[in-house]
Structures are given as C-alpha cells and as structure tokens.
Amino acid sequence: MRRAWLAILFSLALPLSAGAEPTQSIDHARLLAGDVIKAAPPGVAEIDLGPAPPPGGTRLLNKNEIEQMLRQRGVDTSKLAIPAQIRITGAARRLSPAELTTLITPVIMQNLPRGVALTKIQPGYDVVVPPSATIGTVEIPRHPRQKGPFRTTANVQMVADGNIVARIPVPVVLEVSEEASRPDVARGSRIGLVIDRRSLRIMTQASCMLDANIGDVVSVLVLPTNRVVKAKITSHDEAQMVEGL
C-alpha cells in the first residue's frame, strides 16, 4: 500500500516539475544569447540567435537547441552554463482603440498637407505590440481636389528595436478646405521646365496645359518653341521634362 501511495504522489509531482522551467521575457525583435544564458560573457551575450517570439508569444528552448545555434555561430559552448531548458516569451502591451487614437492623432496631423484637417479617427480593434513600440511612418492617400469631407484609411506602422511590429489600417475623416482643393499648378500657369541632355541641363519656360499636382506627368507647352512635351511636376513652379524634344 505504501508503495502505491508513493507512486501516486510521484506521478502527481511530475507535471509540476515539468512546468518549472525558467522563463525569460524579452522586449526586442531578435533573440540574443544573453537572453537564454544569464552568465554569458561579453561578446557571446550579444550574439543574435534569430527572431524572438512575437508579443505575447512563447518559445521553449532546450540545451541541445541552444548549443547547436551557438556552435553554428562559431561559439565554444563547453564552458557556458546553458540551462537544460528555458521558456522565452515576447513582452506585450495591448493598446485599445482609445489608446491608439491618442498615440496616432498627433502623428497624422503632422503629416497632413496644408489646408487639410483631421476631423475623426476610428481605430477598430486592440493591437498587441512590444512595450517599447512607437509610431513609425504614417501613409495617407492623396486627398481629392474637392472641398468637403474625405473618408479614407491611414496606414500606420509601429516599430520596435528598428523593426516593424504592426501595420494598422485606421479609418479617418479629413476635411479638405478651399485652399487644399485647388491644384498645385493651375492650367495655363507658367512654370520653369528643366531639360536634361546627358551632361547638359537647360532651363526654359513652359505653360501647363492642364490642372496638375506635384508628382503628376502632364503635357506642357514649351514657350520659346511652341512644342508640346510631357513633364513631371516637381514643385509649384517647376517641372522636369520626361518625353518630347
């Protein structure tokens, strides 16, 4: 009977000991040797072992796996105190739509062209990112040249440790003013036309034949010759010839 009870107690203890592996939470995109070996010497601790688990994710590594990764990188593992196993978890921060709105709003406003205002921003769901994540680039589609509200989607990147950790589509409503509804270059406007010919650069005068915005390729009339060429609008008063003469 005593042996039977000991066997039962031993079997109950197994799951407890099996789940008792050390854990390490990390807040960076790459797994470093120092994350899995606490006493790793300088020069070894900084070795990149590959991608870290995503925020909220987990990965269990055993000694053989760690040794193999280090040997592949030319490290002598014979004197390293490598744990039998270790669980790596990606540190996580959950941002609610309200928190995202607070973070994203000033960045979107900074990226709006003159005469365009942000009137509403509507993130639709929680986003899980590393605690150190910050707002990276924000891409906003070009607004129409028409006064009034404009519904679109801003594409927001969040970055941590130099890596993109989330891409968030955020519905927004913009208000296009009378000023912003005007084209960058109106039809009939005179502009400087840059013509590059090998090592020769010529500047002449041209007239824009259509309403155009910066970045558009349109027909322009070269005033000294009355020739029509294609040019890319590069500023409010200048274009670069791309086809013609």
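Just checking, does segment 155-177 include any residue being under 19 Å from Leu112 (Cα atoms), touching a residue at least 60 places away in the same chain (Cβ under 8 Å) and polar (S, T, N, Q)? So far as segment 155-177 goes, yes, one or more of its residues are under 19 Å from Leu112 (Cα atoms), touching a residue at least 60 places away in the same chain (Cβ under 8 Å) and polar (S, T, N, Q). The residues listed here are Thr152, Thr105; of these, the one that is hydroxyl-bearing (Ser, Thr, Tyr), outside any helix (DSSP H, G or I) and in contact with a strand residue (DSSP E or B) (Cβ under 7 Å, 6 or more places away or on another chain) is Thr152.
Take Ala212 and tell me if it is surrounded by 13 or more Cβ atoms within 10 Å (Cβ to Cβ), closer than 30 Å to Val128 by Cβ, at pLDDT below 95 and of a type in the set (Gly, Ala, Ser). Here the answer is no, as Ala212 does not meet what is asked. In this structure, Leu49 qualifies as among the hydrophobic types (A, V, I, L, M, F, W, C), more than 14 Å from Ala166 (Cβ to Cβ), out of contact with any Phe, Trp or Tyr (no Cβ under 9 Å at 6 or more places or on another chain) and not assigned by TED's automatic domain parsing to the domain that holds Pro171. Any residue at all in segment 32-46 that is surrounded by 15 or more Cβ atoms within 10 Å (Cβ to Cβ), in a strand (DSSP E or B) and free of Cβ contacts under 8 Å to residues at least 24 places away in the same chain? Yes, there is a match, as at least one residue in segment 32-46 is surrounded by 15 or more Cβ atoms within 10 Å (Cβ to Cβ), in a strand (DSSP E or B) and free of Cβ contacts under 8 Å to residues at least 24 places away in the same chain. Checked against the criteria, Asp196 counts as exposed (fewer than 15 other Cβ atoms within 10 Å of the Cβ) and not assigned by TED's automatic domain parsing to the domain that holds Pro53.
The values are calculated or read from the model by the stated rules, or taken from the named source; none is laboratory data. All figures in this text were calculated on a predicted structure; none of them were measured in a lab. Neighbour counts run over all protein chains shown; Cβ positions are idealised from the backbone, glycine included.
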